[in-house]
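Okay, structure first, notes after.
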Amino acid sequence: MFRISVTLSDDVDLRILEEAQIHTLKRFPSFASRLRKGLFWHFFEHIDGAPPILEDIYNPTQPLRFRRNRYFMYRLLYRKNRISAEFFHALTDGTGAMTFLLSLVAEYLHLKNGLHVMPSKYVFRCSDSPQAEEYEDAFLRYAGSNVTGLSERPSYRYTGTAVPLNKLLIISGEMPTEALHDKAKEYRTSIGVFLAAVLLYSVYKKQKSEMSKRALRHDAKISLPINLRRFFPTKTVRNFSSYINPGIKSRLGDYSFEEVLAQVEHFMGMNITEKELNARFSGNVKIEKNLLLRIVPLFLKDQILKIGHDLLGNRYSASTISNLGKVEVDEAMRPFITRIDFMLGRSYGKRSSCGCVSYNGNTVITFSRTIVEADIERNFFRQLVEMGIPVAIESNGRG
């Protein structure tokens with residue numbers, strides 16, 4: 001699960017929001033789907049209606065109770081002047097989710113204020129008809145014959161005092177995007193590379209603080225989701241993302257921030273290319289098309305995948321940073337939207353994950369964690385402040 005929130009200038013009118021959701025689902029038919037079990041595969045099935053709109057009073061990104069949610073794979077919530085949507089990752093990725101939610105907000109503002117919003121990268125006009133390419137499986141479209149192995153060194157992982165399963169601890173830092181940009185420019189890199197390096201350096205400092213040869217035995221690594229639309233043109237709002245895991249060999253000695261940044265930049269430069277990314281996801285598609293695997297009953301596939309995930313799923317990174325980048329909306333919408341937030345849900349292997357998004361001159365970086373200790377977050381935001389970047393911190397409390 002992951003969550004995107006849009007804060008408006010006025011309180012939400014629930015009746016209008018319900019109507020806007022119905023219109024938006026007609027424009028995004030792939031979001032009106034439920035997950036079904038077949039004999040050999042899970043599959044999506046179209047459903048009518050809309051999920052209930054809930055008051056946002058519980059801990060974020062709770063597991064979806066499909067029956068209670070009318071079997072939809074996203075949850076829509078509101079509280080005061082904030083609209084939030086939480087998505088099951090099988091349904092979409094961050095780009096598709098942002099497009100869905102901002103299109104819904106545009107329709108809401110049209111119904112409430114008579115606002116006419118021009119279509120843009122993140123806003124589809126609900127009066128337009130959906131196009132087939134918007135809900136295509138782009139992995140199948142672009143999969144090639146060259147594949148690459150997924151074997152890599154495992155990562156250092158940290159532990160802590162677990163919080164209850166129904167709780168997620170949140171720390172958000174808001175900062176001027178210009179200050180981030182200037183600091184990244186000072187290091188001759190992009191904001192995305194800079195923030196990834198800050199997170200990896202924060203993990204590395206946590207690893208070093210354990211003062212143990214066992215902790216240093218593994219590389220310090222983080223996971224970076226990659227929006228594949230940058231390299232493979234498609235209008236799809238379904239999931240079309242991959243990932244890479246940059247890291248440093250901690251056992252080789254002490255690293256400065258500059259050295260960590262150089263490692264991240266070089267790793268991203270070598271691995272975030274059309275050929276490397278295509279070979280990576282083509283391997284997954286090849287497995288899916290394997291004739292022998294296709295005839296294995298679903299209940300056996302589920303068991304095999306569960307065992308594989310438990311053994312390997314989160315071995316290769318200590319944390320995740322997912323950066324949606326700069327979000328721009330039509331000029332008519334800007335006075336009505338004051339802030340956008342993006343956060344990742346509970347990961348059963350990583351103790352802390354991070355979502356970033358920039359809007360209207362501000363960048364919001366949100367950590368979600370499942371342990372009481374906030375060492376990674378403290379390292380991360382302290383590093384930014386020590387570099388001269390002002391950060392305003394919010395939190396939903398300690399465990």
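The numbers here are math on the coordinates, done by the rules we state, and not lab data. Remember, predicted model here, so these are calculated numbers, not experimental data. All Cβ positions, even for glycine, are placed from backbone atoms using ideal geometry, and neighbour counts span all protein chains on display.
Data for the structure
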{"quantity": "Calculated SAXS-style log₁₀ I(q)/I(0) at q = 0.11, 0.19 Å⁻¹ - segment 275-399, Debye, Cα scatterers", "calculated": "-0.63, -1.13"}
{"quantity": "Filter on Lys235/Lys286; Lys208/Lys275; Lys286/Lys350 - keep pairs with C-alpha separation over 32 Å", "calculated": "Lys208/Lys275"}
{"quantity": "Residue order, fewest to most surrounding Cβ atoms within 10 angstrom, among Asp56, Asp13", "calculated": "Asp13, Asp56"}
{"quantity": "Sites Tyr348 and Met118, calculated FRET efficiency, Cβ-Cβ separation with R0 56 Å, nearest 0.05", "calculated": "0.85"}
{"quantity": "DSSP-loop chymotrypsin sites (Phe, Trp or Tyr not before Pro) across segment 318-399, with at most 14 other Cβ within 10 angstrom", "calculated": "Tyr348"}
{"quantity": "For segment 74-117: rounded, prolate or oblate by the Cα gyration tensor [a/c cutoff 1.5]", "calculated": "oblate"}
{"quantity": "Of Ser202, Tyr187, Tyr156, farthest towards positive along the dipole that unit charges on Lys, Arg, Asp, Glu beta carbons give segment 136-241", "calculated": "Tyr156"}
{"quantity": "Packing-based ranking, highest mean first, of 127-135, 78-86 given that Cβ atoms within 10 Å are counted", "calculated": "78-86, 127-135"}
{"quantity": "Shape category assigned to the chain from the gyration tensor of Cα positions, a/c cut at 1.5", "calculated": "oblate"}
{"quantity": "Candidate aspartates and glutamates for bridging to Lys183, where Cα separation is under 18 Å - those fewer than 8 sequence places away on the same chain excluded", "calculated": "Glu174, Glu258, Glu259, Glu265, Glu386"}
{"quantity": "Percent of C-alpha pairs per 10 Å bin, segment 1-70, short to long", "calculated": "14, 43, 34, 8, 1"}
{"quantity": "Given Lys37/Lys326; Lys37/Lys80; Lys121/Lys185, the pairs whose alpha carbons are separated by over 28 Å", "calculated": "Lys37/Lys326; Lys37/Lys80"}
{"quantity": "In Hz, Karplus ³J(HN,Hα) per residue of segment 275-281 (6.51, -1.76, 1.60; θ = phi - 60°; x = Gly, Pro)", "calculated": "5, 5, 5, 5, 5, 5, 7"}
{"quantity": "FRET E, pair Glu331, Glu394, Förster distance 30 Å, beta-carbon r, rounded to 0.05", "calculated": "0.60"}
{"quantity": "Within segment 192-245, trypsin sites (Lys or Arg not before Pro) in DSSP loop having at most 16 other beta-carbon neighbours inside 10 Å", "calculated": "Arg217, Lys235"}
{"quantity": "Around Ala106: net Lys/Arg minus Asp/Glu count, Cβ-Cβ under 10 Å", "calculated": "-1"}
{"quantity": "Value of [θ]222 nm, deg cm²/dmol, for the chain, DSSP H segments ≥ 4, -39500 (n - 2.57) each, nearest 500", "calculated": "-10000 deg cm²/dmol"}
{"quantity": "Positive minus negative residues near Ala132 (Lys, Arg vs Asp, Glu; Cβ under 14 Å)", "calculated": "-1"}
{"quantity": "Gyration tensor over alpha-carbon atoms, segment 2-131, equivalent ellipsoid semi-axes in Å", "calculated": "24, 18, 12"}
